[in-house]
Amino acid sequence: MPTQPRNSRPAPWWRSAVIYQVYIRSFADGNGDGIGDIAGLRARLAHLADLGVDALWINPWYPSPMKDAGYDVSDFRAIEPLFGTLEDAQAMIVDAHELGLRVLLDIVPNHVSDQHAWFQEALAAAPGSRERARFIFRDGCGPEGAQPPNDWRSTFGGAAWTRVTDGDGHPGQWYLHLFAPEQPDVNWTNPEVREEFDQTMRFWFEMGVDGFRIDVAHGLAKAEGLPDIGALAWPPVDAEPVDHPHWDRDDVHEIYRGWRALADAYDDPRVFVAEAWVHNPDRLALYIRGDELHTAFNFDFLLSPWLAEPMRDSIVASLEAHEGVGAPPTWVLSNHDTVREVSRYARPQGVRELRHLDDLLDLPADFAIVEKRARAAALLMLALLGCAYVYQGEELGLAEVEDLPEELLQDPGWKQSGHTLRGRDGCRVPIPWSGEEPPFGFSTNGAAPWLPQPRSWQTLTVDAQTGDERSMLELYRRALRIRREHPALGDGAMRWIDAPDGALAFAREPGFTCVVNMSADPVPAPPGAELVLSSGELTADGAVPADTAAWFGTPGAA
Ligand code: NOJ
Ligand code: CA
């Protein structure tokens, strides 16, 4: 082990953590209604400890009418009855901590549910009132205010404005919703809003929660006067970031400086990870300056195709940007909003924008190679410096469920796009635990899960993979164990080493090399190195074959 420099403190846990994303409604169902819940999660915490992750991030579990799977929150300081109670949540946090797992929640500061008490009060109040000032209400344009106040579009399709009906039955003002109409945006220029979210964070921090993932962290600040977007594209198509009226505005940073101070006030400081879809790694780095958030998801890496050059460019750009602000990068291959990487990498084309992720499903897929690629991607991600996120089911090698019947689709994007975008349900199907047929142990009593699971998942259950050395699950378990034990891995530095076209290779000290082959020809192992772990078998002469990643060690170094 390298010795710690004298007087130095050990690096904080969040600089090298592997965090498991629990999409709670699809993780494990403890009460047999086909929907995942806290009891199910509690009962399965051992799986996460066994996997070897450091923390979990739980998607919103607050009371919600579920118009956007819980991202429409009606009360931030309570638990959705479908998922359990506050006592269940408290007990789960205690259990997780006993197992050495930190717990991050999801905070949704850009919008609330239209059923939130604040919005109901705003609807009942007059234009210009204190109640309406917590949201973004405006008069409409044109004769009788019949047109929306500006040209902003909802992320899920259609106008970002909905007109309310006044108490006398006449059409009234319009309110802004960058997402579904049931998700009104709150007004972050209003001090009352700030105070409310501070109180919410304190509430959970005092319950022992270790931090928050911040939903739509790039959306809170809106340009004064709410100007039209016009022809501005988002994400920007030009090299230079654009002055967008509601995404990634500089005013958001002052909000996060306040949050950082709040989190730092605890003896065991709490942490944040930003969900910020921004133009480039330099813009992302602004969110994680020393006095702002700790980490931010690195979507640039997620969007990169399975090709060495763009993948390396993306990693280099992220490393440089993060180094500039001294924050650890946070690598992520998938989440509940994106097409699972197994299915992405089955398509040779890359995706550069979130909206293209949906189009990807229309492209022909070659599933013969994908399992290999997803395995190799996992070793690449876990060898890079900084933090990594594992989205539930990723450790099982699950693919996107592409053939969910249309009548079962629940993502608001399906309806709001006029049934043209299938949305995100395909990556949200409840995960398989055991048994030969659905629900594969997801529900305690065999109830049908809220989205149907493919029968082919029979071979991908946690039980089926456990003990099978060739399985994805065992690969993750081994990789995570090595990552914890190897002094070169986690936080720190890395150095690129020469690799043939189509391959990536980097070294980390002491004595660790990662080689990822994205080309068709085998890539020789580094001279004198010993194999530590590989995502597939090496060739007879020890080279790394196509679509394979391998970790090597220098004998005696680690
Ligand atoms: C990002 C979340 O990850 C997504 O699921 C949600 O629909 C939007 N933010 C709106 O809250
Ligand atoms: Ca349940």
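The values are calculated or read from the model by the stated rules, or taken from the named source; none is laboratory data. Here the structure is a predicted model, which means the values were calculated and not measured. So basically every Cβ, Gly included, is an ideal-geometry build from the backbone, and we count neighbours across all protein chains shown. Each accessible area value is taken on the protein alone, full model and side chains, heavy atoms only, with ligands, DNA and RNA left out. Shrake-Rupley method; radii C 1.70, N 1.55, O 1.52, S 1.80 Å.
Determine the shape class of the range 444-511: with a ≥ b ≥ c the square roots of the Cα gyration tensor eigenvalues, call it rounded for a/c under 1.5, and otherwise prolate if a/b is greater than b/c, oblate otherwise.
Here the range 444-511 falls in the prolate category.
For a quick check of your reading of the filter: which GluC sites (Glu not before Pro) in the range 372-407 sit in a DSSP loop and have no more than 15 other Cβ atoms within 10 Å?
Of the GluC sites (Glu not before Pro), the ones in loops of the range 372-407 whose Cβ has at most 15 other Cβ atoms within 10 Å are Glu402.
So what is the relative contact order for the chain, in percent, with contacts set as C-alpha pairs under 8 Å and at least six apart?
The normalised contact order for the chain reaches 13 percent.
Is the C-alpha gyration tensor of the range 152-194 telling us rounded, prolate or oblate? Criteria: a/c under 1.5 is rounded; beyond that, a/b larger than b/c is prolate, otherwise oblate.
Oblate.
Under the rule a/c < 1.5 gives rounded, and otherwise a/b versus b/c splits prolate from oblate, where does the range 29-119 land using the Cα gyration tensor?
prolate
When every alpha-carbon pair in the range 95-211 is counted, what percent end up more than 17 Å apart?
The proportion of pairs with Cα distances above 17 Å equals 61 percent.
Which percent, to the nearest 5, of DSSP beta bridges fully inside the chain are antiparallel?
55
Output ³J(HN,Hα) for the range 325-342: one whole-Hz value per residue in order, computed from phi by the Karplus curve 6.51 cos²θ - 1.76 cosθ + 1.60 with θ = phi - 60°, and x for Gly and Pro.
10, x, 9, x, x, 10, 8, 9, 9, 6, 7, 6, 10, 10, 5, 4, 5, 4
Would you mind working out the accessible area per residue for the chain, using a 1.4 Å probe, and quoting it in Å²?
On a per-residue basis, the chain sits at 40 Å².
Could you please state, rounded to a whole Å, how far the C-alpha centre of the range 149-228 is from the C-alpha centre of the range 429-448?
Measuring centre to centre over Cα atoms gives 37 Å.
For the range 178-277, calculate the relative contact order in percent as a whole number, restricting contacts to Cα pairs under 8 Å that are 6 or more residues apart.
Here the relative contact order equals 37 percent.
Trypsin sites (Lys or Arg not before Pro) within the range 459-558: which are DSSP loop residues with at most 10 other Cβ atoms inside 10 Å?
When the trypsin sites (Lys or Arg not before Pro) of the range 459-558 are filtered for loop state and at most 10 Cβ neighbours within 10 Å, Arg470 remain.
Quickly work out the Glu121-to-Glu474 label distance, labels modelled 7 Å from Cα along the C-beta direction, and quote it in nm with one decimal.
5.8
How far is helix 191-206 tilted, in degrees, relative to the longest principal axis of the Cα atoms in the chain, given as a value from 0 to 90 rounded to the nearest 10?
Rounded to the nearest ten degrees, it is 40.
Using alpha carbons only, how many angstrom separate the centre of the range 486-529 from the centre of the range 319-370?
21
Put +1 on the Cβ of every Lys and Arg and -1 on every Asp and Glu Cβ in the chain; which of Thr330, Ser26, Val108 then has its Cα farthest towards the positive end of the dipole?
The one lying farthest along the dipole's positive direction is Thr330.
With a Cα-only, solvent-free Debye model of the range 352-429, what are the log10 I(q)/I(0) values at q = 0.20, 0.22 Å⁻¹?
The Debye formula, applied to the Cα set alone, gives -1.05, -1.17.
Run the dipole for the range 187-345 about the Cα centre, Lys and Arg Cβ at +1, Asp and Glu Cβ at -1, nothing else charged, and hand back the magnitude in debye, nearest 20.
Charge dipole of the range 187-345: 400 debye, to the nearest 20.
What residue among Met518, Gly542, Ala493 has its Cα farthest toward the positive end of the dipole of the range 487-543, where the charges are +1 on Lys, Arg and -1 on Asp, Glu, each on the Cβ?
Working it through, the farthest residue towards the positive pole turns out to be Ala493.
For the range 4-131, with all protein chains present and a 1.4 Å probe, just round the carbon and sulfur fraction of the accessible area to a whole percent.
C and S atoms contribute 49 percent here.
Computing the accessible area with a 1.4 Å probe over protein heavy atoms, can you report the carbon and sulfur percentage for the range 226-362?
The C+S portion of the solvent-accessible surface of the range 226-362 is 49 percent.
Using DSSP to define loop residues, name the GluC sites (Glu not before Pro) in the range 186-287 whose beta-carbon has at most 13 other beta-carbon atoms within 10 Å.
Glu224
Among Gln416, Ser64, Ala231, pick out the residue whose Cα is farthest towards the positive end of the charge dipole of the chain, where Lys and Arg carry +1 and Asp and Glu carry -1 on C-beta, about the Cα centre.
Ser64
Provide the three semi-axes, in whole Å and in decreasing order, of the ellipsoid equivalent to the range 216-305 as defined by the square roots of 5 times the Cα gyration tensor eigenvalues.
Square roots of five times the eigenvalues give 26, 17, 9 Å.
In whole angstrom, how far apart do the alpha carbon centroids of the range 381-409 and the range 17-43 sit?
15
Hey, rough spin-label estimate for Asp359 and Thr444, points 7 angstrom out along Cα→Cβ, what's it come to in nanometres?
4.7
How much length is gained on full extension from Ala231 to Thr165, taking 0.36 nm per residue of separation minus their Cα-Cα distance?
Here the segment from Ala231 to Thr165 would lengthen by 20.7 nm.
What size of dipole, in debye to the nearest 20, comes out for the chain about its Cα centre when the only charges are +1 on Lys and Arg C-beta atoms and -1 on Asp and Glu C-beta atoms?
960
May I ask you to work out the translational diffusion coefficient for the chain at 25 °C, viscosity 0.890 mPa s, via Stokes-Einstein with Rh from the Kirkwood sum over Cα pairs, reported in whole µm²/s?
100
To the nearest 0.05, what FRET efficiency results for Arg194 and Val94 with a Förster distance of 22 Å applied to their C-beta separation?
0.15
Give me the percent of accessible area attributable to carbon and sulfur for the range 402-470, probe 1.4 angstrom.
Carbon with sulfur: 51 percent of the solvent-accessible area.
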